[in-house]
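Report on the structure given below.
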Amino acid sequence: MKKKLKLKKIYKNLLKIIVLLAVIACIPFGYRMYLENQLLKLKYSKEATVEILKQKELETVKKIGYNETIDKAFSRKEFQKKYLESYLEIPFVEHEDYFENVHQLLDLGYSEIEVSLIITHGSNDEVKKFLTHEKAEDIKAFLSIDFAKLENYDRYVNYQIEERKDEEETVLLVNIGFDRPFYENPTIINSYSTTILVNKFNQLKEDFIPPDLVSVESPYAVDDDQKLQKVAYDAFIKMAKDALKEDLHLMVNSGYRSFTDQAGTYQFYEELYGTNYVNRFVTKAGFSEHQTGLAIDVKARDVNVFKTSKEYAWMMENAHLYGFVLRYKENKEHITGCASEPWHYRYLGVEIATYLYENNMTYEEYYVRFLEVK
Ligand SMILES: [Zn+2]
């Protein structure tokens with residue numbers, strides 16, 4: 001009996017020891033979970049958390065709290081302690097070589113603000129290319145402008161030296177293309193939408209024909225040959241019908257023009273008036289908005305000079321409500337590259353047309369500021 005009790009006691013103690021050993025064995029594991037949880041709670045990613053603990057930087061990171069650049073630096077295994085203060089001031093962008101680029105820019109002596117501007121105004125490859133550039137002293141003046149592009153930096157500098165315009169206007173005009181001659185190395189347009197930008201820097205291909213061309217019937221056209229893209233056509237007819245209620249007669253004088261038509265027109269005027277004239281008043285084939293089917297030269301039925309008509313005055317006040325803008329205004333030739341054309345309207349949709357109307361802005365400027373995507 002006594003022996004049995006003794007044995008039971010031994011078993012009991014043994015069990016206690018086993019449990020204790022198990023608990024001891026689990027402590028480091030539990031402790032690690034506890035540390036990891038602190039970082040995960042701060043919203044650090046699992047990958048970053050593992051790396052932070054491995055590099056024994058828990059206390060540093062805890063002091064900072066969550067920071068996306070720090071998170072990515074650890075998760076991409078690119079963290080270098082000497083750049084710690086800089087990471088805190090430079091936003092993270094999804095570039096493949098983000099950390100390599102940032103480290104190199106900092107090493108070149110760019111400030112955190114400058115590095116931030118550089119990486120947010122160019123692609124990964126553009127930043128890499130910029131790294132081969134000698135240290136730029138006035139990068140902040142240009143890149144502080146929202147729509148500035150890193151890839152155009154040298155063009156901004158050169159254009160400003162030549163034209164002595166302020167930074168914002170320099171960026172605007174260079175982004176449009178004004179530091180280069182008309183028609184030289186244009187951007188070739190590859191997609192079609194109602195917001196397409198066609199001008200002396202953006203060219204449509206010879207075989208480009210807009211989808212859904214519709215014939216404009218009498219009495220809304222000067223002859224049977226006028227066509228418009230369906231959306232522009234519908235908007236124009238709606239506008240013309242509303243104008244008619246006020247006894248105003250709007251007609252399409254010229255709508256869609258093919259590449260070949262435009263080439264013929266250009267040649268005709270060049271032979272008649274010479275190169276200087278056509279450069280200012282006629283557009284080369286591929287560079288005319290008329291090839292989009294979204295542009296209309298408007299005519300008032302009973303008046304020859306559109307600008308003197310009541311229809312002109314009415315359109316100046318109302319066209320935007322139907323999605324049309326007067327495309328080539330007076331005093332805007334330096335932005336549009338075209339002399340004033342009181343009759344040339346462009347369909348852009350009500351939202352953009354209204355914005356341009358209310359802000360007295362050209363489409364080039366709107367496009368560069370808000371639509372241009374990399
Ligand atoms: Zn026109």
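Read-outs throughout are calculated quantities, based only on the coordinates presented, and are distinct from any laboratory measurement. Predicted, not measured: the structure shown is a model, and the values here were computed from it. Glycine also receives a Cβ, built like all others from the backbone with ideal geometry; neighbour counts cover every protein chain displayed.
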How much length would be gained if the chain were fully extended between R180 and E168, taking 0.36 nm per residue of separation minus their Cα-Cα distance, in nm to one decimal?
2.5 nm
Summed side-chain charge close to E112 - residues other than E112 whose Cβ falls under 9 Å, Lys, Arg +1, Asp, Glu -1
-3
How large is ³J(HN,Hα), in whole Hz, for each residue of the range 264-279 in order, when computed from phi with the Karplus curve 6.51 cos²θ - 1.76 cosθ + 1.60 and θ = phi - 60°, using x for Gly and Pro?
x, 4, 4, 5, 4, 6, 5, 5, 6, 10, x, 5, 4, 5, 5, 4
Vicinal HN-Hα couplings computed from phi for the range 103-111 (Karplus, 6.51 cos²θ - 1.76 cosθ + 1.60; Hz; Gly/Pro x):
4, 5, 4, 5, 5, 6, x, 6, 6
So for the chain: antiparallel DSSP bridges make up what percent, rounded to the nearest 5?
85 percent
Any chance you could check the Cα centroid distance between the range 107-170 and the range 32-94 for me, in angstrom?
30 Å
Pop out the ³J(HN,Hα) list for the range 214-227 in order, Karplus 6.51 cos²θ - 1.76 cosθ + 1.60 with θ = phi - 60°, rounded to Hz; leave Gly and Pro as x.
10, 6, 8, 8, 4, x, 9, 9, 6, 8, 7, 9, 7, 10
Given pairs K238/K299; K230/K284; K135/K165; K54/K81 and cut-off 21 Å on Cα-Cα distance, the over-length ones are K230/K284; K135/K165
DSSP-loop trypsin sites (Lys or Arg not before Pro) across the range 235-271, with at most 13 other Cβ within 10 angstrom:
K245
Using the structure shown, select from K46/K82; K310/K332; K205/K241; K56/K140 the pairs with a Cα to Cα distance greater than 26 angstrom.
K205/K241; K56/K140
Only helical DSSP H runs with n ≥ 4 go in: add -39500 (n - 2.57) per run for the chain, normalise by residue count and round the 222 nm mean residue ellipticity to 500 deg cm²/dmol.
-14500 deg cm²/dmol
Find how much the distance from D224 to I27 grows on full extension, using 0.36 nm per residue of separation minus their present alpha carbon separation; answer in nm with one decimal.
62.0 nm
